[in-house]
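Note sheet for the following structure.
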Amino acid sequence: MKPIYVSLLTLAACCMGCSKEDKPEITPDLGIEKQFTPPADAPAEVKDLYNRYGVWVRMDFNHWKEVTNGVLATDPINRWGVAKIDNDQRAGATIYAQTLLSNVSEKFAKNFFPLELFFVKSYGGSFWMDDFKVLGRSRLVICWPNQIYGALPVTDPANHYYKDSVLVRMTWSNLGGMVAARFDAPLTEFVLAGKAYDGGEARDKVFKQFEKDKDEDARDKAFDQIALNGGFITSVGSINFESDFGEWFRLLATESYANIKAKYLDNSPARARKYEVIIRFFNSYDWDIQASGNKYRQKLGN
């Protein structure tokens, strides 16, 4: 009788917890969109970026948990809070965001970019520094000025995007992963243009061999072969679609066609096929990403 008794209790609880509506109604607005929209008193340039690209360049918060606890993700690692960006650094951060987004088509940004670029002075405190922090698919937190190793001090905000290659490549690298996470499924034609992903199996074999012979040259050549044969920028791309797409994304946005062709396409038919596919994909969203890469390399000057 015990199972029957438990079932009856469960059914009774369900009945007491539910009420029948005479007329089903639409669930009230949960306010998700408003949480990713600049307030009415936001600076004009911030509103313009949001209207054009669907991205909120955000810098203000009342409590640091507003930054670390996004609507679509939480950050259990951060134990030291977040420091608000200094007032004299706001203009530079906005200019950086404007320059970054000017290299993307509005159509692509609205479909795939994170909803927020959140600029802060520090993330995690001096004992746990994070220069970039990805929260879900919706928020990229960027420390400004950035302290990542090799980054340059901000002395010329208007041209900093085209001077600090370390910061730019890290920015595009993080954006690449966030963009890839927004796909409902990997780009079939892109995936089929190279070898199938193996979850890191090929790289693990190389690492195990290296543990035996400590031959760094052989290890590096083996990694290169994984990339050449599979159509990946580096062997890391062989792990999964997110890694593969992210590496191509960063490369195309920051490198000239001439350099890409010489270093990656001429020596790998698989990479040449993937290049054609991914360029068509970006073009379908009105974005000539290679033109952005050409411009960046030209202005960087090396």
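The values are calculated or read from the model by the stated rules, or taken from the named source; none is laboratory data. Quantities reported herein were computed from a predicted structural model and do not represent experimental measurements. Ideal geometry is used to build each Cβ from the backbone, glycine not excepted, and the neighbour counts take in all protein chains shown. Note: accessible area is taken over every heavy atom of the protein model, side chains too, but ligands, DNA and RNA are not part of it. Shrake-Rupley method; radii C 1.70, N 1.55, O 1.52, S 1.80 Å.
Each Lys and Arg adds +1 at its Cβ and each Asp and Glu adds -1 at its Cβ; summed about the Cα centre, the range 188-300 shows a dipole of about 280 debye. Packing, as the average of other Cβ atoms within 10 Å across residues, places the peptides 212-219, 228-235, 262-269, 289-296 in the order 228-235, 289-296, 262-269, 212-219, highest first.
Among the chymotrypsin sites (Phe, Trp or Tyr not before Pro) found in the range 141-221, those both in a DSSP coil and sparsely packed, with 16 or fewer other Cβ atoms within 10 Å of their Cβ, are 149, 183. Amide H contacts under 5 Å for residue 144: 120, 121, restricted to partners 5 or more places along the chain or on a different chain, H placed in the peptide plane at 1.01 Å from N. The H on the amide N of residue 80, modeled in the peptide plane, is under 5 Å from the matching H of 124, each at least 5 residues off or on a different chain.
What does the charge count around residue 268 come to, taking other residues whose C-beta lies under 15 Å from its C-beta (Lys +1, Arg +1, Asp -1, Glu -1)? My count for the surroundings of residue 268 gives +2.
What is the sum of charges around residue 300, taking Lys and Arg as +1, Asp and Glu as -1, for the other residues whose C-beta is under 13 Å from the C-beta of residue 300? With Lys, Arg at +1 and Asp, Glu at -1, the net is +3. Selection among 206, 245, 293 by position relative to the dipole of the range 188-300 gives 293 as farthest towards the positive end (Cβ unit charges, Cα centre).
If you roll a 1.4 angstrom probe over the protein chains with everything in place, what fraction of the accessible area of the range 35-162 belongs to carbon and sulfur, to the nearest %? Carbon-and-sulfur percentage of accessible area, whole number: 51. Taking 0.36 nm per residue of separation and subtracting the Cα-Cα distance, full extension of the segment from residue 207 to residue 272 would add 20.7 nm.
Based on protein heavy atoms only, the range 35-162 ends up with 48 Å² per residue of surface accessible to a 1.4 Å probe. Charge tally for residue 225 (other residues, Cβ to Cβ under 12 Å; Lys, Arg +1; Asp, Glu -1): +3.
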